[in-house]
Amino acid sequence: MKISGAQMIIEAIIAEGVTKVFGYPGGAIMNVYDEIYKQNDFEHILTRHEQAAVHAADGYARASGDVGVAMVTSGPGFTNAVTGLATAYTDSVPLVVISGQVPLSLIGTDGFQEVDAVGISRACTKHNYLVHDIADLPRILKEAFYIARSGRPGPVLVDVPKDITGEIAEFVYPADVHLPTYKPNYKGNERQIKKAAEAILKAKKPLLYLGGGVVLSNATEVVRRLAEISQMPAVETLMARGVMGADNPLLLGMLGMHGNYASNMAMSETDLVISLGARFDDRVTGKLSEFAKYADVIHVDIDPANIAKLVDVDYPIVGDIKIVVEKLIGHLEARIKPERYHVWRDILKRYDELHPLTYHDSDEVIKPQWVIERIGEKVGADAVITSDVGQHQMWAAQFYPFDRPRQWINSGGLGTMGYGFPAAIGAQVACPDKHVINITGDGSILMNVQELVTAAENKLPVINVILNNHFLGMVRQWQTFFYDKRYAETDLSYQPNWKLLAEACGGAGYDVTTKAEFDAALDAALEGGKVTFINVAVDRLENVLPMVPAGGALYNMLLEHKES
Amino acid sequence: METVRRVISVVVLNEAQVLARVSGLFAGRGYNIETLTVAPIPETDLSHMTIVTRGNQRVIEQITKQLHKLIPTLKVIEHSEMVEKEMVLVKFPIEEKLSDIQTLCAAYNGGIVNVGENMVIAMAADEPMRIKHFITATKRYNPIEIVRSGVVAMER
């Protein structure tokens with residue numbers, strides 16, 4: 001079959017089973033958009049900014065577990081997409097992003113809307129391609145999808161010059177990929193797995209340290225089972241919220257900079273860390289020399305480069321979490337004695353009773369934590385929660401009762417403000433029957449506020465709960481603690497009229513100053529079926545606690561909630 | 001941790017961007033490159049890169065892992081038992097003692113390889129440490145220009 005390069009892209013997208021594509025057209029990608037116009041196999045959702053297109057594809061991928069696809073034009077279209085690529089790269093999200101490029105003959109001449117897309121994106125994609133020859137295009141598209149979803153997932157960019165999308169050539173979509181240089185190891189080394197199992201059997205204070213890799217490898221069930229049969233306590237990273245389930249008695253909570261006391265103390269006192277798909281991020285470890293100081297470390301990760309990158313590892317296992325944990329269970333099942341860790345669990349329970357995760361509620365002013373809890377009470381398991389970046393993100397991670405993976409979607413690694421709303425749009429597209437709520441702040445939401453139009457046009461009833469403290473809250477908190485309250489450029493007192501802003505774009509808006517108003521607004525939003533802003537005036541000076549100051553040891557937490 | 005010198009060979013697909021991927025990795029992650037040489041491997045679609053770097057053991061381990069992670073990378077060898085060679089070209093004024101220069105080069109597997117109106121170019125090929133000594137020794141003949149090739153290595 002002889003077809004154009006643009007048609008090849010369409011055919012590949014269909015062959016990969018993609019049903020939703022997010023994007024924004026422009027000169028260099030027009031041939032492809034012309035073919036999108038002519039087909040009915042997948043839906044294209046027009047965002048109002050290329051960054052939002054990539055975040056939406058990312059939110060779609062995280063909510064569904066499938067590869068997200070976004071399409072942008074050359075030059076500024078591509079550079080706008082870079083933040084989306086970097087966000088997905090840091091959190092290992094499978095994406096294929098197709099960008100237009102100036103014709104081959106113009107490459108290198110500083111042509112109109114020309115930018116070196118592969119050069120710019122090299123450090124923030126898992127792999128990228130500039131298509132030089134249409135004969136390579138079918139293979140490249142096949143490889144792009146394969147590389148994006150296999151091994152440690154990640155975004156792949158395919159940059160396609162305009163003359164190639166217009167050229168006609170023979171098309172056969174390859175059935176297989178042939179990549180002799182890329183062979184992810186899923187199985188894990190049997191001997192190492194056995195040794196790790198022996199270490200677990202010998203440990204007195206083992207701790208499951210669960211990261212986003214558990215979600216990515218769809219390993220929740222086996223990980224819960226490992227905890228269940230062994231009765232080992234577990235801590236979750238920001239990216240793993242929902243893995244154990246909020247009600248699971250073995251879950252201590254989230255660890256790290258804003259982790260709860262019991263989780264951080266558990267990590268400080270454990271004698272065996274069982275790291276599953278976590279990567280010892282600095283926001284998790286605090287001061288490295290004090291991190292899990294008394295522990296041996298089992299580290300299971302699909303990416304060998306993550307192992308022993310920051311912390312010495314005693315039992316390195318390169319492999320897929322699901323497969324490795326199944327094997328671990330096989331070794332442990334008949335031999336493990338759950339009562340062995342009883343004393344250890346008791347110690348941790350006492351830690352949790354000593355300093356539970358809590359806040360001082362108030363009747364005068366809405367506390368942001370209350371809002372999160374309230375949303376949890378109202379919609380709980382029925383909702384997908386996205387967030388932006390800052391205080392609201394940490395409160396959501398701390399106080400929302402996540403009970404399944406892929407329920408919690410946030411930019412954990414890169415910390416991209418402006419991620420939450422477009423990601424919620426993608427999640428809503430992936431989960432049309434669920435409530436999708438973006439917990440955001442008055443700083444973050446403005447960074448992709450134009451997506452109100454996208455959501456309204458596509459009747460995507462994303463609810464944005466703006467925890468509005470008229471501050472760039474997290475930076476303000478650091479200024480309070482570490483910069484003698486010099487609030488440099490963090491006072492956001494000058495604000496838009498949120499209600500009118502939402503309404504102007506075809507959505508609904510609510511300004512809320514009391515708990516009763518919040519309940520009413522949330523009920524109306526859940527019923528209303530429209531993209532919504534709920535602007536919640538919260539305590540201006542509330543801090544996210546506990547807090548481990550950057551570079552401090554995990555066990556040195558600021559715990560006190562002072563009345564503000 | 002102690003800083004060590006390491007010679008790493010990387011076998012990669014000989015395709016567009018591949019050198020940029022490798023050098024970009026070093027730049028982006030703050031690794032040091034002392035020398036880097038690259039050329040195609042005959043009768044294959046592969047290239048061989050030899051990289052000399054410095055770092056503590058953890059950094060060296062990360063370098064090899066990160067190199068391996070690049071999609072076009074076939075093989076990464078952190079050399080221990082190897083043959084290591086480097087070449088250097090040195091330009092001298094014609095007025096210098098050419099027989100001395102010739103003798104010096106011969107001691108380092110080289111010789112005078114080009115003679116011009118005002119200058120001569122001499123060559124030496126040897127272990128990197130010996131090349132360093134050779135360069136020091138050439139100082140007394142007022143070298144005008146020195147070009148080193150970087151290291152190539154092969155596991156024994």
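The values are calculated or read from the model by the stated rules, or taken from the named source; none is laboratory data. For clarity, every value in this text was computed on a predicted model and none was experimentally measured. Positions of Cβ are backbone-derived with ideal geometry, glycine not excepted, and every protein chain shown enters the neighbour counts. Accessible surface areas use protein heavy atoms only, side chains included; no ligands, DNA or RNA. Shrake-Rupley method; radii C 1.70, N 1.55, O 1.52, S 1.80 Å.
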Legend entry - Contacts under 6 angstrom Cβ, first residue in the stretch A:388-405 being over 15 Å from residue A:256 (Cα atoms) and in contact (Cβ under 8 Å) with a residue 40 or more places away in the chain, partner of a type in the set (Ser, Thr, Tyr) and surrounded by fewer than 24 Cβ atoms within 10 Å (Cβ to Cβ), 6 or more apart: A:405/A:220
Legend entry - Residue that is open to solvent by 30 Å² or more (accessible area, probe 1.4 Å), charged (D, E, K, R) and within 14 Å of another protein chain (Cβ to nearest Cβ), where the choices are A:191, A:152: A:152
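Using the structure shown, decide if residue B:6 is in a helix (DSSP H, G or I) and among the charged types (D, E, K, R).
For residue B:6, the condition - in a helix (DSSP H, G or I) and among the charged types (D, E, K, R) - is not met.
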Inset, instruction - Pick out the one residue from A:475, A:465 that is part of a strand (DSSP E or B), in the same structural domain as residue A:399 (by TED's automatic domain parsing), within 25 Å of the chain's Cα centre (by Cα) and modelled with pLDDT of 95 or more. - result: A:465
Inset, instruction - Answer with yes or no whether residue B:33 is under 23 Å from residue A:309 (Cβ atoms), away from chain A (no Cβ under 14 Å) and in a strand (DSSP E or B). - result: no
Inset, instruction - Can you confirm whether the stretch A:303-315 contains a residue that is within 14 Å of chain B (Cβ to nearest Cβ) and part of a strand (DSSP E or B)? - result: no
Inset, instruction - Report yes if some residue within the stretch B:17-28 is more than 12 Å from every other protein chain (Cβ to nearest Cβ), open to solvent by less than 60 Å² (accessible area, probe 1.4 Å) and out of contact with any Pro (no Cβ under 9 Å at 6 or more places or on another chain); otherwise report no. - result: no
Legend entry - Residue satisfying all of: in the stretch A:352-371; buried (at least 20 other Cβ atoms within 10 Å of the Cβ) and in a helix (DSSP H, G or I); farthest from the chain's Cα centre (by Cα) among these: A:370
Legend entry - Candidate set: the stretch B:49-71, residues that are open to solvent by 50 Å² or more (accessible area, probe 1.4 Å) and in contact (Cβ under 8 Å) with a residue 40 or more places away in the chain; chosen: the one farthest from the other protein chains (Cβ to nearest Cβ): B:54
Inset, instruction - Identify the single condition in (1) surrounded by fewer than 21 Cβ atoms within 10 Å (Cβ to Cβ); (2) in the same structural domain as residue A:280 (by TED's automatic domain parsing); (3) not in a loop (DSSP other than H, G, I, E, B) that residue A:163 does not satisfy, given that it satisfies every other one. - result: (2)
Inset, instruction - Filter the strands (runs of 3 or more DSSP E) completely within the stretch B:72-132 down to those with at least 2 residues that are buried (at least 16 other Cβ atoms within 10 Å of the Cβ). - result: B:73-78, B:82-93, B:119-126
Inset, instruction - Output the residues belonging to the stretch B:92-110 that are within 16 Å of residue B:145 (Cα to Cα) and either in the same structural domain as residue B:51 (by TED's automatic domain parsing) or within 19 Å of the chain's Cα centre (by Cα) (or both). - result: B:105
Inset, instruction - Looking at (1) polar (S, T, N, Q); (2) part of a helix (DSSP H, G or I); (3) farther than 27 Å from residue A:240 by Cα, find the lone condition where residue A:87 falls short. - result: (3)
Inset, instruction - Being away from chain B (no Cβ under 14 Å), surrounded by fewer than 18 Cβ atoms within 10 Å (Cβ to Cβ) and either in contact with a helix residue (DSSP H, G or I) (Cβ under 9 Å, 6 or more places away or on another chain) or outside any loop (DSSP other than H, G, I, E, B) (or both) narrows it down to one of A:112, A:78, so name that one. - result: A:112
Inset, instruction - Identify the single condition in (1) among the hydrophobic types (A, V, I, L, M, F, W, C); (2) in a strand (DSSP E or B); (3) touching a His at 6+ places or on another chain (Cβ under 8 Å) that residue B:16 does not satisfy, given that it satisfies every other one. - result: (2)
Legend entry - Count - residues of the stretch B:2-16 that are open to solvent by 20 Å² or more (accessible area, probe 1.4 Å) and either closer than 23 Å to residue B:148 by Cβ or away from chain A (no Cβ under 11 Å) (or both): 6
Inset, instruction - Collect the residues in the stretch A:38-75 that are open to solvent by 10 Å² or more (accessible area, probe 1.4 Å) and either in the same structural domain as residue A:413 (by TED's automatic domain parsing) or in a strand (DSSP E or B) (or both), keeping them in residue-number order. - result: A:43, A:44, A:46
Inset, instruction - Would you tally the residues in the stretch A:373-395 being in a helix (DSSP H, G or I) and closer than 21 Å to residue A:64 by Cβ? - result: 4
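From A:235, A:243, A:284, A:223, which residue is among the β-branched types (Val, Ile, Thr) and open to solvent by 10 Å² or more (accessible area, probe 1.4 Å)?
None of the other options fit; the residue is A:284.
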